[in-house]
Amino acid sequence: MKIVIIEPYLTGSHAAWAREYAEHSKHDVAVLGLDGRHWKWRMHGGAVTLARRFADAGHRPDLIVATDMLDLTTFLSLTRDFISGIKTVAYFHENQITYPWSELDRDLAKERDVHYGFINFASALAADAVAFNSEYHRKAFLAGLRPFLEAFPDHNEVGAVRVIDDKSHVLPLGVDLRRFDKYRLERDPKQKPLILWNHRWEYDKKPEDFFQALFDLQDDGLDFEVAVLGESFDVIPAIFPEARERLGERVVQMGFAEDFAEYASWLWKADILPVTSIHEFFGASVVQAAYCNCFPLLPDRLAYPEHIPVERRAEHIYGDQARLVAMLRDRVRDIEETRRTETRGFVGQYDWGVMAPRYDDFFRAISGMDA
């Protein structure tokens, strides 16, 4: 069957997801997208541009898969003359109803933020099926949708929550994990315990808690090193330069990896991944690190518990900052045991070798071609 993925914000993990699925699928998958910048304008105007390009290309797929960045209602209205009978799936990487807005965002003070959530709501309502990248995400969106709609003055259509719930599914993010195998290396037993950060340098990853845990270990006199990877932007949280100064020579890497080979090598070398995020709908960077046997310490919130088998959660899931510091301290002190622990099996289910057939079957069923 023919599938078109429509992504107005084609960059980073969104681009990797679309292109990797296209590569691994048994179906004929085309990706139609725009450069990943100006995210608000992409949610407003991307549907208009992509509807025109869709028409110009003469696409006649069996299924349209649109991400949460697309105003699907506008797209459908502009293509209605030639997509009659084609089913649509709305795939939610994130959503603007429960996403924590930055305090620095000027639109928040001007109360111009609610329209982006409404685009997500209307798109989910218009789609034939809605897929979320984690069970946490599905539940959070549906739970946040009701009060979001109730805040409007009248005719707020709260009953639509049930309509969306009835057609919602969980389709975890596919990740090209086997790509990391080429760069696997054995950890040097003489290497100091290496603690990893491999997320964006932004407020929603709560870097203050991450570095405070390291400062506490430093005050304890424990010997360790830290590699800080991840993408940074024009404005970064002040804790990053502060941590570089306070941790000094313990910092062996500070900044974005030059290429995938370098990134993968750091993940294989790293021993422990303490995660402090206050927002995450899936957590691809955590899955990547765990696949490389970097021991994850994860908060008991968001999507993270879904990545750890129930019988192993006591070793990997913490409840508060004090518990994180205690668990991290134990892992550093007993680094030999930490390094003997295999965690790649926790997350192997997300590799495209497993996920692509699951996607293929799901999309085929929604398209009606199995009928």
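Sort out which residues of region 270-312 are within 23 Å of Asp188 (Cβ to Cβ) and in a strand (DSSP E or B), and write them in order of number. Explain how you work it out, then say what you get.
Taking region 270-312 as the starting set, the residues that turn out to be within 23 Å of Asp188 (Cβ to Cβ) are 270-274, 288-297.
Selection gives Ile272, Leu273, Pro274, Phe295, Pro296, Leu297.
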Selection from region 203-232 of residues touching a His at 6+ places or on another chain (Cβ under 9 Å) and in a loop (DSSP other than H, G, I, E, B) yields Lys206, Leu229, Gly230, Glu231
Take the residues of region 296-322 that are hydrophobic (A, V, I, L, M, F, W, C) and free of Cβ contacts under 8 Å to residues at least 60 places away in the same chain: which is surrounded by the most Cβ atoms within 10 Å (Cβ to Cβ)?
Leu298
Given the structure, is Leu328 at pLDDT 95 or above, touching a Leu at 6+ places or on another chain (Cβ under 8 Å) and of a type in the set (A, V, I, L, M, F, W, C)?
yes
For region 1-99, give me every one of the strands (runs of 3 or more DSSP E) that falls completely inside it and has 2 or more residues that are modelled with pLDDT under 95.
none
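Among the listed residues Lys182, Lys139, identify the single one that is out of contact with any strand residue (DSSP E or B) (no Cβ under 8 Å at 6 or more places or on another chain) and in the same structural domain as His307 (by TED's automatic domain parsing). It would help to see each step written out before you state the result.
Numbers: Lys139 fails: in the same structural domain as His307 (by TED's automatic domain parsing).
Selected residue: Lys182, the only one of Lys182, Lys139 that is out of contact with any strand residue (DSSP E or B) (no Cβ under 8 Å at 6 or more places or on another chain) and in the same structural domain as His307 (by TED's automatic domain parsing).
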The lone exception for Val332 - which of (1) in contact with a Pro (Cβ under 6 Å, 6 or more places away or on another chain); (2) outside any helix (DSSP H, G or I) it fails
(2)
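For region 328-340, which positions are out of contact with any helix residue (DSSP H, G or I) (no Cβ under 7 Å at 6 or more places or on another chain) and within 15 Å of Pro189 (Cβ to Cβ)?
Residues of region 328-340 out of contact with any helix residue (DSSP H, G or I) (no Cβ under 7 Å at 6 or more places or on another chain): 330, 333-337, 339-340.
Passing the criteria: Asp334, Ile335, Glu336, Glu337, Arg339, Arg340.
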List, please: which pairs have Cβ atoms under 7 Å, are six or more places apart or on different chains, and start with a residue in region 126-139 that is in contact (Cβ under 8 Å) with a residue 60 or more places away in the chain and closer than 18 Å to Thr88 by Cβ and end with one that is of a type in the set (Phe, Trp, Tyr) and assigned to a helix (DSSP H, G or I)?
Phe132/Phe141
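Leu217: more than 24 Å from Val347 (Cβ to Cβ) and touching a helix residue (DSSP H, G or I) at 6+ places or on another chain (Cβ under 8 Å), yes or no?
Working: more than 24 Å from Val347 (Cβ to Cβ): yes; touching a helix residue (DSSP H, G or I) at 6+ places or on another chain (Cβ under 8 Å): yes.
So Leu217 fits the description; yes.
Can you find even one residue in region 280-295 that is assigned by TED's automatic domain parsing to the domain that holds Val226, charged (D, E, K, R) and buried (at least 21 other Cβ atoms within 10 Å of the Cβ)? Don't jump to the end; show me each part of the working.
Step one: filter region 280-295 for residues assigned by TED's automatic domain parsing to the domain that holds Val226, giving 280-295.
Remaining after also requiring charged (D, E, K, R): 280.
Cutting the leftovers down to buried (at least 21 other Cβ atoms within 10 Å of the Cβ) gives us 280.
Taking every residue of region 280-295 in turn, at least one turns out to be assigned by TED's automatic domain parsing to the domain that holds Val226, charged (D, E, K, R) and buried (at least 21 other Cβ atoms within 10 Å of the Cβ).
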Look at region 18-50 and say how many of its residues are among the β-branched types (Val, Ile, Thr) and in contact with a strand residue (DSSP E or B) (Cβ under 6 Å, 6 or more places away or on another chain).
2
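The values are calculated or read from the model by the stated rules, or taken from the named source; none is laboratory data. Remember, predicted model here, so these are calculated numbers, not experimental data. All Cβ positions, glycine included, derive from the backbone under ideal geometry; neighbour counts span all protein chains shown.
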